[in-house]
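Input: a single structure, listed below in structure tokens.
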Amino acid sequence: MQLKKTQTQPSGTRSTPSPGLGSTRDPALLRLITEAKRVAQLAYCPHSHFPVGAVVEAEGGELFAGCNVENASFGLTICAERNAAFQMVSHGRRQILTVVIYTPTAEPTAPCGACRQVLNEFGPRARVVSVCDGPGIIDTTLERLLPQAFGPGNLTALK
């Protein structure tokens, strides 16, 4: 995939213009993007009007999708990324290799802090790709999005 411009953001993530989903040379990534866009259409977001779709690729290549589901009591809302991760866990998988997030926005949206923490539980070295309706794409790793993360290893230090 040829990229016209790369910008390094303060967090170490790369945001690059995408040549368009139809011209990606990575069919596996295109499959995840397509599924994230599809599941975003299922989002229940009557309060924010901000639909999000996410797909996690687990070990073995299995895909698990989730969308955001809002609640009038905002603290009970679940983000698409966590929904997808919990779908994976409910199917007996425990390792995230890749996460793709789609938002119907002009700029890509990275996962929120809560989602980063949950993703870290199952994929501390996972690739994280955020796509949107605009030309931008964020292609980074969870380690860059959540440096010095608290995780399961911190708890074993107490044993």
Residues satisfying the stated conditions in the range 76-123, i.e. acidic (Asp, Glu) and either modelled with pLDDT under 95 or within 22 Å of Tyr44 (Cβ to Cβ) (or both): Glu81
So Pro108, is it in contact with a Cys (Cβ under 7 Å, 6 or more places away or on another chain), under 25 Å from Asp26 (Cα atoms), of a type outside the set (S, T, N, Q) and in contact (Cβ under 8 Å) with a residue 60 or more places away in the chain: yes
Residue in the range 129-138 that is within 17 Å of Cys67 (Cβ to Cβ) and among the acidic types (Asp, Glu) present: yes
Of all residues in the range 108-143 being acidic (Asp, Glu) and in contact with a Lys or Arg (Cβ under 8 Å, 6 or more places away or on another chain), the one that is farthest from Val56 (Cα to Cα): Glu143
Any hit, the range 52-59, residues being within 17 Å of Ala28 (Cβ to Cβ), surrounded by fewer than 23 Cβ atoms within 10 Å (Cβ to Cβ) and more than 15 Å from the chain's Cα centre (by Cα): yes
Residue match in the range 88-103 (condition: touching a strand residue (DSSP E or B) at 6+ places or on another chain (Cβ under 9 Å) and of a type in the set (Phe, Trp, Tyr)): yes
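The values are calculated or read from the model by the stated rules, or taken from the named source; none is laboratory data. Since the structure is predicted, the reported quantities are computational estimates derived from the model, not experimental observations. Here the Cβ is made from the backbone with ideal geometry for all residues, glycine too, and neighbour counts use every protein chain on show.
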